[in-house]
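Visitor: Input: one structure, supplied below.
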Amino acid sequence: MPNLLIAPDFPPEHFGGWHIFNTTLQRDTDNNIHLLTPHSAEEQQQMLEQNQVDIIYANPFDAASLIRDKNFLPVVKPVKNPDEMVIAAGSASGLAKLTDLKKGMKIAITNNRDVKLIGLRLLEAANLTEADLEWVEVPSFQAAARHAIQGKADAAFFVASSFHSLSEMTKNQMAVLIESHITDITHVILMHPEQSEFLPTVRQSIINMKDTDAGRRVLSELNMPDGFDELTQEDAEFMIDLMETLLD
């Protein structure tokens, strides 16, 4: 039974959508695929180390490592759904723009390395480095928002889609300092090399979802109305190079 792991950074309201996605994939590929939804990056890493993962919807940082170090194979990427990030503060903080952040301030952050990587690059505009700030690890983006609103942190890092999916009540108590616009970095679906014989079937099933009413409903549940397109090795290498550029 192959396992499909979904990276733990998706908004909670998409939980049901991923279950429907998995059910659709099972039906279309005639394969009893088991869905894995780890609660944290640590749990995801544990599953990967225990070789429990055959297919993975991975953030770009993890995808780069899986392709380069573990020979995972590129399958598909979402269409018009790049990974962007938001830096936001509580409205009561008085912070209104990125340059209002100063040395010694506290930043609430989840264990999402891609978000931190992009955020650190954005902070260069405020002449801030990782060592200039105090980092407060939290288990979820909802917790990051609470920390910022309650003044337990001066600001917080978010995946943009997760920030925008917060309740209106929560967002009304926050001020966006900056939102990235990189466009070429995205979550992707990869497959373990030992499952390569199933890759064409899985890829076509996912791509075809946008062509049926049932499939479009699944994609709507995931807020990916444009569906998925093939992720080529060239596409993957380009994204990895971009991630490495951000690291430099």
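Bear in mind that the values in this text are calculations on the coordinates, not laboratory data. For clarity, every value in this text was computed on a predicted model and none was experimentally measured. Backbone-built Cβ (ideal geometry, glycine too); neighbour counts: all protein chains shown.
Visitor: Taking 45 Å as R0, compute the FRET efficiency from the Cβ-Cβ separation of T37 and K97 and round it to 0.05.
Guide: 0.80
Visitor: In the Gaussian network model of the chain, springs joining C-alpha atoms below 10 Å, which of D184, D83, D114 carries the largest mean-square fluctuation?
Guide: Result: D184 has the largest fluctuation of those listed.
Visitor: Over every pair of different alpha-carbon atoms in segment 1-61, take the mean of 1/r and invert it; report that Kirkwood radius in Å.
Guide: Final number for the Kirkwood radius of segment 1-61 is 11.9 Å.
Visitor: From the C-alpha gyration tensor of the chain, pull out the three semi-axes of the equivalent ellipsoid (sqrt of 5λ each), sorted largest to smallest, in whole Å.
Guide: Each semi-axis is the square root of five times an eigenvalue, giving 33, 19, 16 Å.
Visitor: Let me check against my output: what whole-number percent is the relative contact order of segment 85-179, with C-alpha pairs under 8 Å and at least 6 apart?
Guide: Relative CO of segment 85-179 lands at 50 percent.
Visitor: Here's something else I'd like to know. Name the aspartates and glutamates eligible as straight-distance cross-link partners of K152: C-alpha to C-alpha under 16 Å, and not fewer than 8 places from it in the same chain.
Guide: Those aspartates and glutamates meeting the cut-off are E134, E137.
Visitor: Exceeding 32 Å between C-alpha atoms, which entries from my cross-link table qualify? They are K70/K106; K77/K103; K103/K171; K70/K116.
Guide: K70/K106; K77/K103
Visitor: Please report the relative contact order for the chain, taking Cα pairs under 8 Å with a sequence separation of at least 6, and give it as a percent rounded to a whole number.
Guide: 30
Visitor: Can you give the FRET efficiency to the nearest 0.05 for N223 and T29, using r as the Cβ-Cβ distance and R₀ = 25 Å?
Guide: The calculated FRET efficiency here is 0.60.
Visitor: Something else: Starting from 0.36 nm per residue, how many nanometres of slack lie between E134 and I20 once their C-alpha separation is accounted for?
Guide: 37.1 nm
Visitor: Still on this structure, I have one more. Starting from the exponent 0.38 and prefactor 2.2 Å, build the expected Rg for segment 146-248 from its residue count and divide its actual Cα Rg by it.
Guide: That ratio works out to 1.42.
Visitor: Right, next: If we count other beta carbons within 10 Å of each Cβ, what is the order of V115, V202, V176, fewest first?
Guide: Listed from fewest to most nearby Cβ atoms, that is V176, V202, V115.
Visitor: Further, regarding this structure: Which of G90, H164, L101 sits farthest toward the positive end of the charge dipole of segment 85-179, with +1 on the Cβ of Lys and Arg and -1 on the Cβ of Asp and Glu?
Guide: Checking the options against the dipole of segment 85-179, the answer is G90.
Visitor: Only Lys, Arg, Asp and Glu count, each charged at its Cβ (+1, +1, -1, -1), so figure out the dipole size of segment 85-179 about its Cα centre, rounded to 20 debye.
Guide: With only Lys, Arg, Asp and Glu charged at Cβ, the dipole is about 100 debye.
Visitor: What is the percent of Cα-Cα separations in segment 13-109 that go past 22 Å?
Guide: Tail of the P(r) past 22 Å holds 51 percent of the pairs.
Visitor: For segment 85-179, compute Rh as the Kirkwood radius over C-alpha pairs and then the Stokes-Einstein diffusion coefficient at 4 °C and 1.567 mPa s; write the answer in µm²/s, rounded to an integer.
Guide: 102
Visitor: Going by how many other beta carbons lie within 10 Å of each one, how would you line up I33, I189, fewest first?
Guide: Ordered from fewest to most neighbouring Cβ atoms within 10 Å, I33, I189 come out as I33, I189.
Visitor: Something else: Would you list F198, F21, F72, F15 from fewest to most Cβ contacts within 10 Å?
Guide: In increasing order of surrounding Cβ atoms, one gets F15, F198, F21, F72.
Visitor: Under a Cβ-only charge scheme (Lys and Arg +1, Asp and Glu -1), can you give me the dipole magnitude of the chain about the Cα centre, in debye to the nearest 20?
Guide: Charge dipole of the chain: 860 debye, to the nearest 20.
Visitor: Go through A155, A58, G17 and say which Cα lies farthest out towards the positive end of the charge dipole of the chain; charges sit on Cβ, +1 for Lys and Arg, -1 for Asp and Glu.
Guide: A155
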